[in-house]
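Visitor: Handing you a structure now.
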Amino acid sequence: MNKMENITALYLTRAETWLCITTLLYFLMNGAQIFETLVFVPKWTASPSENFNLLVDGRGASLKFFWIIMHSLHEIAFILAIIFCWKIDPVRNWLLLLFVVHFAVRVWTLSYFAPNIIEFQKVAETPAMATDLIDRTSLWQILNYVRVAIFIAVSIGLIPLCVKLLNLRH
């Protein structure tokens with residue numbers, strides 16, 4: 001018996017819905033990341049520590065709450081997409097692979113990017129703490145290009161899964 005015969009129209013609708021929501025949220029995050037990478041990051045990395053005030057909560061363009069909310073919503077949607085696509089092997093397997101890549105980059109973000117931003121914020125408040133700022137901000141900026149590219153690749157990887165899922169009805 002074909003496994004696809006066990007999938008109801010309601011199950012397929014939920015799978016399509018959560019995968020499309022996940023994809024949409026990913027592309028929204030990509031838009032924000034691209035804007036931040038091309039507009040905001042060059043401003044504060046251009047002249048460390050003078051421009052670090054842009055990073056300080058209450059004085060700059062703090063994006064902390066935006067990213068916390070956006071990543072939380074997205075990761076909940078991503079997990080729901082995996083749950084609702086679980087019975088659809090090829091979609092599930094690729095979703096799991098994309099989630100592992102996504103999760104690895106999130107761990108990298110939380111272990112490297114976030115702590116460095118927090119330290120750059122401290123430098124803005126106490127400039128005497130500044131050490132190797134040009135090298136550190138330059139490295140942060142270059143690695144951020146890699147991180148954003150990986151996130152974009154993951155979101156592009158979701159598109160064929162959406163198409164495959166939407167084509168299952170036919």
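Visitor: Which members of the stretch 84-134 meet the condition of being hydrophobic (A, V, I, L, M, F, W, C) and exposed (fewer than 14 other Cβ atoms within 10 Å of the Cβ)?
Guide: Let us first name the residues in the stretch 84-134 that are hydrophobic (A, V, I, L, M, F, W, C), namely 84-86, 88, 91, 94-101, 103-105, 107-108, 110, 113-114, 117-118, 120, 123-124, 128-130, 133-134.
Residues satisfying the conditions are LEU96, LEU97, VAL100, PHE103, ALA104, VAL107, LEU110, ALA114, ILE118, ALA128, MET129, ILE134.
Visitor: Out of (1) at pLDDT below 95; (2) over 13 Å from the mean Cα position of the chain (by Cα), what's the single condition that is false for PHE113?
Guide: So the condition that PHE113 fails would be (2).
Visitor: Can I ask one more? Would a scan of the stretch 108-115 turn up a residue that is closer than 17 Å to GLU36 by Cβ and among the polar types (S, T, N, Q)?
Guide: For the stretch 108-115, residues closer than 17 Å to GLU36 by Cβ and among the polar types (S, T, N, Q): present.
Visitor: Follow-up question, since we're still on this one. Give all pairs with beta carbons closer than 9 Å in which a residue from the stretch 105-116 that is aromatic (Phe, Trp, Tyr) meets a residue that is assigned to a helix (DSSP H, G or I) and modelled with pLDDT under 95; count only pairs at least 6 apart in sequence or on separate chains.
Guide: TYR112/TRP140; PHE113/TRP140
The values are calculated or read from the model by the stated rules, or taken from the named source; none is laboratory data. Source: prediction; values computed, not measured. Note that each Cβ is placed from the backbone with ideal geometry, even for glycine, and that neighbours are counted across all protein chains shown.
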